[in-house]
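Down below is the structure, laid out as structure tokens.
The values are calculated or read from the model by the stated rules, or taken from the named source; none is laboratory data. Here the structure is a predicted model, which means the values were calculated and not measured. Note that we place each Cβ from the backbone using ideal geometry, even for glycine, and neighbour counts take in every protein chain shown.
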Ligand code: 4NP
């Protein structure tokens, strides 16, 4: 059975598309692209149809991740709850916004904080880099690489492919 992963932030132009681009590359490198489906979304709708923030595209590219083809969309309930096995939010506000849409609490078990997968960094949230300088974007990428590494290990085990 295919595993379906949705990364969620506020605008879907900085953190969650970066997570998507990083995880796409890791999954491809592991040869698992046919069994792991990956997408991202924002809880807000202001940037729907936009590409990722140019600063995030540039920083990600320096690490070998191509975000240039991604396009922002808004998280949609109930479809996204049904269509994904893992819904990984970047911060506590995203977590609250997503879980508040699951009124009957049927899908709460799928919603997790991205940082819960971090093994190197001890931090509670992936901070919004929108109003930050270059180091803010690099910090986000450090956290996302850490979390994506463990997420892939976790899913590989579930798939019996570790
Ligand atoms: P993201 O960052 O949630 O990581 O995509 C943001 C991008 C844009 C806005 C907020 C956060 N905004 O308010 O426009």
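Inspect region 109-120 for any residue being within 19 Å of residue 26 (Cα to Cα), more than 15 Å from the chain's Cα centre (by Cα) and either surrounded by fewer than 20 Cβ atoms within 10 Å (Cβ to Cβ) or touching a residue at least 24 places away in the same chain (Cβ under 8 Å) (or both) and give the result as yes or no.
Looking through region 109-120, at least one residue is within 19 Å of residue 26 (Cα to Cα), more than 15 Å from the chain's Cα centre (by Cα) and either surrounded by fewer than 20 Cβ atoms within 10 Å (Cβ to Cβ) or touching a residue at least 24 places away in the same chain (Cβ under 8 Å) (or both).
Please go through region 24-40 and pick out each residue that is assigned to a loop (DSSP other than H, G, I, E, B) and touching a strand residue (DSSP E or B) at 6+ places or on another chain (Cβ under 7 Å).
Matches in region 24-40: 35 only.
Could you check residue 98 against (1) closer than 27 Å to residue 32 by Cα; (2) touching a residue at least 40 places away in the same chain (Cβ under 8 Å) and say which number it fails?
(1)
Residues of region 91-108 being assigned to a loop (DSSP other than H, G, I, E, B) and over 16 Å from the mean Cα position of the chain (by Cα), which ones?
Scanning region 91-108 gives 100, 101, 102, 103, 104, 105, 106, 107.
Here are some residues: 40, 16. Which one is at pLDDT 95 or above and more than 7 Å from the ligand (Cβ to nearest atom)?
After applying the criteria, what remains is 40.
For region 41-48, check the following and say yes or no: at least one residue is out of contact with any helix residue (DSSP H, G or I) (no Cβ under 9 Å at 6 or more places or on another chain) and either assigned to a helix (DSSP H, G or I) or without any contact (Cβ under 8 Å) to a residue 24 or more places away in the chain (or both).
No.
If you go through region 69-90 one residue at a time, how many are surrounded by 13 or more Cβ atoms within 10 Å (Cβ to Cβ) and in a loop (DSSP other than H, G, I, E, B)?
10
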